[in-house]
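Student: Before we start, here is the structure in question, set down as structure tokens.
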Amino acid sequence: MTLAEMILAAHCGKERVSPGDFVEVNVDMVLSNDITGPIAIREFNKIGVSRVFDPKKVVMVPDHFTPNKDIASAEQAKMVREFCLQQGCHYYEVGRVGIEHVLLHEEGLVAPGEVIIGADSHTCTYGALGAFATGMGSTDIASAMATGHIWMKVPDTIRFNYVGEPRRWVGGKDFILHAIGDIGVDGALYAAMEFGGGAIDHLSLEGRFTMANIAIEAGAKAGLFYADEKTVNYEKERTQRPFTANKQKTDAEYTRVVTYDVSNLEPQVAFPHLPSNTRPVSQAGNIKIDQAVIGSCTNGRIEDLRIAATIFKGRNVASTVRCIVIPGSQSVYMQALKEGLVEIFIEAGCAFSTPTCGPCLGGHMGILAAGERAIATTNRNFVGRMGSPKSEVYLSNPAVAAASAISGNIISPEDLQ
Amino acid sequence: MKTGHVYKYGANVDTDAIIPARYLNVSDPGELARHCMEDIDIAFARAVNPGDFIVAGSNFGCGSSREHAPLCIKASGVTCVIAKTFARIFFRNAINIGLPLMECPQAVDGINNGNQLEVDLEHGIIKNLTTGETFQAKPYPDFMRNIIQSGGLIEYTRQKLAAG
Ligand code: SF4
């Protein structure tokens with residue numbers, strides 16, 4: 001079986017499952033946020049049960065429009081807070097909260113071998129730990145909060161092998177954008193993407209979170225990595241809970257195996273308006289930017305901020321550019337402070353913010369006007385994603401975003417003076 | 001039998017196009033419907049009539065998990081969405097909340113913007129009244145048919161819990 005099949009089989013009490021099977025799966029964590037939570041609560045209340053199945057397995061994270069950007073958002077956040085208090089489930093208030101897909105693994109709420117469902121499409125992020133994690137809608141989440149299980153169709157698995165040694169400034173973001181550029185935004189529709197190969201073994205957990213995070217942009221149900229020693233050590237620092245680090249089996253059947261040699265891969269830039277519209281940064285042409293955003297559940301972890309700070313050190317953001325740096329969580333924020341990264345950002349002329357999704361979804365904290373262009377380390381560049389439907393978003397890794405903020409044009413860090 | 005007018009779009013219509021995130025500080029379907037499809041078709045929300053159809057290319061509903069997307073389409077009065085394929089989360093959400101979907105690549109190729117359709121949801125039959133052509137959509141898997149017949153996932157869950 002593939003990794004996805006092993007985990008799903010273990011959660012529905014079966015020896016084996018095969019792609020296409022419909023199964024009722026027990027869930028280990030059920031997630032929602034300040035946008036999807038209110039609908040989930042409304043639907044939950046219709047089911048006719050008074051308590052969630054297990055408050056230790058339900059978490060709500062107010063991260064999208066928080067700190068509350070307006071009255072309507074405040075009402076939604078309030079509904080989520082009150083529900084969590086009443087039910088006793090996990091809840092993180094502003095000042096302790098982070099972007100959900102940075103926070104949950106930091107807090108040890110998700111672990112290898114588990115099944116996590118979330119009313120947020122980037123729930124697939126936790127696949128980096130060797131968990132089966134997938135996004136659903138609020139109604140699915142409501143049903144799972146009541147029962148502790150959910151129906152799923154066992155997905156096909158596509159295997160992606162990354163071989164070779166990547167060049168400087170090339171990381172997980174580039175690996176995954178390159179794959180999506182290759183297979184397209186529906187290239188893995190309904191399937192699980194399983195990542196492996198020598199280049200992955202060398203990748204940090206942070207790089208793997210970035211990759212798993214964007215699996216949904218290829219239409220995938222999940223993006224998975226086998227848990228290795230790094231993963232196990234990472235997890236043991238965060239939870240006492242026993243977990244299962246599945247090992248790769250020889251009988252795994254894949255619908256397709258794709259191999260990429262990343263030795264010559266350049267940093268990738270996804271042009272508007274699809275994450276699959278990728279080009280190597282050297283072929284970006286002359287793209288002038290008005291804003292750079294470094295953060296989000298894709299690239300808002302400490303390693304990302306370290307990379308950006310390396311580039312900003314001793315340099316300044318171009319006078320025509322607004323650069324907004326957003327740590328993914330309070331602990332990333334604190335670590336960045338301790339390492340002196342925040343000072344580097346501020347000296348370079350960046351705005352440094354409290355953790356929030358903010359501009360990633362065009363919520364607040366950096367909305368684009370008509371005709372403006374941004375380079376962002378986020379995961380989506382759809383029409384209107386960061387503001388005006390007439391604005392444009394280019395996706396890249398943190399090194400390219402930082403270099404571009406300094407230059408005012410999209411450039412490679414190699415080309416910085 | 002349902003008849004109505006077609007609004008046709010291309011491939012990869014994403015959830016930000018169906019309902020931009022800037023409107024997600026509310027969750028009332030009627031309120032959301034006022035901005036349905038706004039960023040790719042500003043005229044849609046005002047022009048659409050109850051019973052009309054959305055027809056689109058592959059991967060309809062890709063992007064975020066926001067249930068606000070099928071909710072606002074449903075609240076617009078759209079009978080069903082016909083597409084070549086649907087994005088996974090959108091597909092689940094639509095079934096769960098009772099917005100009918102029909103997967104039928106041939107129909108999408110054989111239908112133009114502004115055509116009149118007649119659709120038999122139960123049997124998956126799509127008739128283009130403008131051209132006279134008829135198409136058969138892919139049937140739902142049995143498992144999902146149960147959810148649809150119960151009246152959506154919440155009702156299905158309620159009945160299951162009540163049965164013990
Ligand atoms: S940072 Fe962006 S992609 Fe991630 S959860 Fe927030 S809005 Fe979604």
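The values are calculated or read from the model by the stated rules, or taken from the named source; none is laboratory data. It should be emphasised that the depicted structure is a prediction, and the values quoted were computed from it without experimental measurement. Quick reminder, even Gly has a Cβ in these numbers, built from the backbone with ideal geometry, and neighbours come from all protein chains shown. Accessible surface areas use protein heavy atoms only, side chains included; no ligands, DNA or RNA. Shrake-Rupley method; radii C 1.70, N 1.55, O 1.52, S 1.80 Å.
Student: Karplus couplings for the range A:8-18 from phi (6.51 cos²θ - 1.76 cosθ + 1.60, θ = phi - 60°), rounded to Hz, Gly and Pro as x?
Tutor: Calculated HN-Hα couplings, in order: 5, 4, 5, 9, 10, x, 10, 5, 9, 10, 10 Hz.
Student: Quick one: ranking A:Trp151, A:Trp169 by accessible area, 1.4 Å probe, largest first, what do you get? Write down the numbers at each step before the final one.
Tutor: Details: A:Trp151 15, A:Trp169 55 Å².
Accessible-area ranking of A:Trp151, A:Trp169, largest first: A:Trp169, A:Trp151.
Student: Moving on to the next point. Across the range A:183-197, in residue order, what do the Karplus-derived ³J(HN,Hα) couplings come to in whole Hz, using 6.51 cos²θ - 1.76 cosθ + 1.60 with θ = phi - 60° and x for Gly and Pro?
Tutor: Result, ordered by residue: 8, x, 5, 10, x, 10, 3, 6, 9, 9, 9, 10, 9, x, x Hz.
Student: Between the range A:343-417 and the range A:285-311, how far is it from one alpha carbon centroid to the other, in angstrom?
Tutor: The two parts, judged by their Cα centres, are 7 Å apart.
Student: Which of rounded, prolate, oblate describes the range A:318-386, given a ≥ b ≥ c as roots of the alpha-carbon gyration tensor eigenvalues and a/c under 1.5 marking rounded, otherwise prolate only if a/b is larger than b/c? The partial results should precede the final answer.
Tutor: Details: a/c = 2.78, a/b = 1.53, b/c = 1.82.
Judged from the Cα gyration tensor, the range A:318-386 comes out oblate (a/c at least 1.5, b/c at or above a/b).
Student: Where only protein heavy atoms count, and the probe is 1.4 Å, what is the accessible area per residue for the protein assembly as shown in Å²?
Tutor: On the way: 20520 Å² over 581 residues.
Counting only protein heavy atoms, the per-residue value for the protein assembly as shown is 35 Å².
Student: Describe numerically, in nm with one decimal, the distance between label points set 7 Å from Cα along Cα→Cβ at B:Ser150 and at A:Arg256.
Tutor: Inter-label distance under the simple model: 3.4 nm.
Student: If the only charges are +1 at each Lys and Arg Cβ and -1 at each Asp and Glu Cβ, what is the size of the charge dipole of the range A:269-415 around the Cα centre, to the nearest 20 debye?
Tutor: Roughly 240 debye, rounded to the nearest 20.
Student: Search the structure for amide H atoms under 5 Å from the amide H of B:Ile82, placed 1.01 Å from N in the peptide plane, and list their residues when 5 or more places away or on another chain.
Tutor: B:Ile54, B:Val55, B:Ala56, B:Met102
Student: Bin width 5 Å, alpha-carbon pairs only: give the P(r) of the range A:198-317 as whole percents, running from 0 to the bin holding the largest distance.
Tutor: Pair shares across the bins are 2, 7, 12, 19, 21, 16, 10, 7, 3, 2, 0.
Student: Can I ask one more? Which value in Å does the Kirkwood hydrodynamic radius of the range A:310-352 take, with 1/r averaged over all unlike C-alpha pairs and then inverted?
Tutor: The answer is 10.6 Å.
Student: Between A:Tyr162 and residues 5 or more places away or on another chain, which pairs have amide H atoms under 5 Å apart, with H built 1.01 Å from N, and which residues are they?
Tutor: Long-range HN contacts for A:Tyr162: A:Gly196, A:Gly197, A:Gly198, A:Ala199, A:Ile200, A:Tyr260.
Student: What's the FRET efficiency of B:Gln159 with A:Ile71 using the Cβ-Cβ distance as r and R₀ = 30 Å, to the nearest 0.05? Before the final figure, lay out the partial values.
Tutor: Working: r = 38 Å, r/R0 = 1.26.
Once the sixth-power term is evaluated, E becomes 0.20.
Student: For the residue pair A:Gln283 and A:Lys46, what label-to-label distance in nm results when each label sits 7 Å from Cα along the Cα-to-beta-carbon direction?
Tutor: For the pair A:Gln283/A:Lys46, the computed spacing is 4.9 nm.
Student: For chain B, just say rounded, prolate or oblate: build the C-alpha gyration tensor, square-root its eigenvalues into a ≥ b ≥ c, call rounded for a/c under 1.5, and beyond that prolate if a/b exceeds b/c, oblate if not. Intermediate values should be presented prior to the final figure.
Tutor: Numbers: a/c = 1.74, a/b = 1.12, b/c = 1.56.
Cα axes put chain B in the oblate bin.
Student: Just to check I understand the Karplus step: with θ = phi - 60° and J = 6.51 cos²θ - 1.76 cosθ + 1.60, what whole-Hz values come out for the range A:349-355, glycine and proline as x?
Tutor: Residue by residue, the range A:349-355 yields x, 8, 8, 10, 10, 5, x Hz.
Student: Here's something else I'd like to know. How high is the FRET efficiency from A:Asp415 to A:Arg306, r the C-beta distance, R0 25 Å, rounded to 0.05? List each step's numbers first, then the result.
Tutor: Working: r = 21 Å, r/R0 = 0.83.
Working from the Cβ atoms, E equals 0.75.
Student: Per DSSP H run of at least 4 residues, take -39500 (n - 2.57); add these up for chain B, divide by its residues and hand me the 222 nm value, nearest 500 deg cm²/dmol.
Tutor: Values: 8 runs with 56 residues, N = 164.
Counting only the DSSP helices, I get -8500 deg cm²/dmol.
Student: Here's another thing I want to ask about it. Percent of Cα-Cα pairs more than 28 Å apart in the range A:269-415, please.
Tutor: Values: 976 of 10731 pairs.
Looking at the range A:269-415, the distances longer than 28 Å represent 9 percent of pairs.
Student: Under 4 °C and 1.567 mPa s, how fast does the range A:3-260 diffuse according to Stokes-Einstein, given a Kirkwood radius computed over C-alpha pairs? Answer in µm²/s, whole number.
Tutor: Details: Rh = 18.5 Å.
D, rounded to a whole number, is 70 µm²/s.
Student: Here's something else I'd like to know. Quick check on the protein assembly as shown: what does the Kirkwood estimate of hydrodynamic radius come out to from the alpha carbon pairs, in Å? Intermediate results must be reported in sequence, preceding the final value.
Tutor: Working: mean 1/r = 0.0420 Å⁻¹.
In the protein assembly as shown this quantity evaluates to 23.8 Å.
Student: Mind grabbing the base-10 log of I(q)/I(0) for the range B:49-135 at q = 0.18, 0.21, 0.22, 0.27 Å⁻¹? Debye formula, identical points on the C-alpha positions, no solvent, two decimal places.
Tutor: Summing over Cα pairs of the range B:49-135 leads to -0.73, -0.99, -1.08, -1.47.
Student: Collect residues whose amide H, placed 1.01 Å from N in the peptide plane, falls under 5 Å from the amide H of A:Gly387; neighbours closer than 5 in sequence don't count.
Tutor: For A:Gly387, the qualifying residues are A:Leu368.
Student: Which value at 222 nm does chain A reach when only helices count, each DSSP H run of 4 or more adding -39,500 (n - 2.57), with the total divided by all residues and rounded to the nearest 500 deg cm²/dmol?
Tutor: Values: 14 runs with 129 residues, N = 417.
For chain A, the value works out to -9000 deg cm²/dmol.
Student: While we're on this one: Have a look at the range A:43-63 and report residues whose accessible surface goes down by 50 Å² or more when the remaining protein chains are included, against the chain on its own, probe 1.4 Å, ligands and DNA/RNA excluded.
Tutor: A:Ile47
Student: How big is the accessible area of A:Glu372 in square angstrom, nearest 10, if you roll a 1.4 angstrom probe over the protein chains?
Tutor: Approximately 40 Å² of A:Glu372 is accessible to the 1.4 Å probe.
Student: Next question, about the same structure. For the B and A pair, go ahead and give the buried accessible area with a 1.4 Å probe, both sides summed, in Å² to 100. Please report the intermediate quantities before stating the final value.
Tutor: Details: alone 8410 and 15930 Å², together 20520 Å².
That pair of chains buries around 3800 Å² in total.
Student: Over what distance in Å are the Cα centres of the range B:21-81 and the range A:12-34 separated?
Tutor: Here the two parts' Cα centres lie 29 Å apart.
Student: May I pose another question? Under a Cβ-only charge scheme (Lys and Arg +1, Asp and Glu -1), can you give me the dipole magnitude of the protein assembly as shown about the Cα centre, in debye to the nearest 20? Intermediate results must be reported in sequence, preceding the final value.
Tutor: Numbers: 52 positive and 63 negative charges, 99 e Å.
Here the protein assembly as shown has a charge dipole of around 480 debye.
Student: To continue, here is another question. Here is the link list: B:Lys8/B:Lys160; A:Lys153/B:Lys127; A:Lys153/B:Lys138; B:Lys8/B:Lys127. Which ones come out longer than 27 Å on Cα distance?
Tutor: Details: B:Lys8/B:Lys160 38 Å; A:Lys153/B:Lys127 31 Å; A:Lys153/B:Lys138 17 Å; B:Lys8/B:Lys127 15 Å.
As for pairs spanning more than 27 Å Cα to Cα, those are B:Lys8/B:Lys160; A:Lys153/B:Lys127.
Student: Using a 1.4 angstrom probe and counting only protein chains, how large is the accessible area of A:Thr320 in Å², to 10?
Tutor: About 80 Å², ignoring ligands and nucleic acids.
Student: Something else now. In whole percent, and with a 1.4 Å probe on the protein chains, what portion of the accessible area of the protein assembly as shown is carbon and sulfur?
Tutor: Working: 10040 of 20520 Å².
On the protein assembly as shown, the fraction of accessible area on carbon and sulfur atoms equals 49 percent.
Student: Now for a different question. Using the alpha-carbon centroid of each, what span in Å lies between the range A:143-210 and the range A:93-112?
Tutor: Taking the Cα centre of each part, the range A:143-210 and the range A:93-112 sit 20 Å apart.
Student: What distance in nm lies between label points placed 7 Å from Cα along the C-beta direction at B:Glu122 and A:Asn316?
Tutor: Result: 7.4 nm between the two label points.
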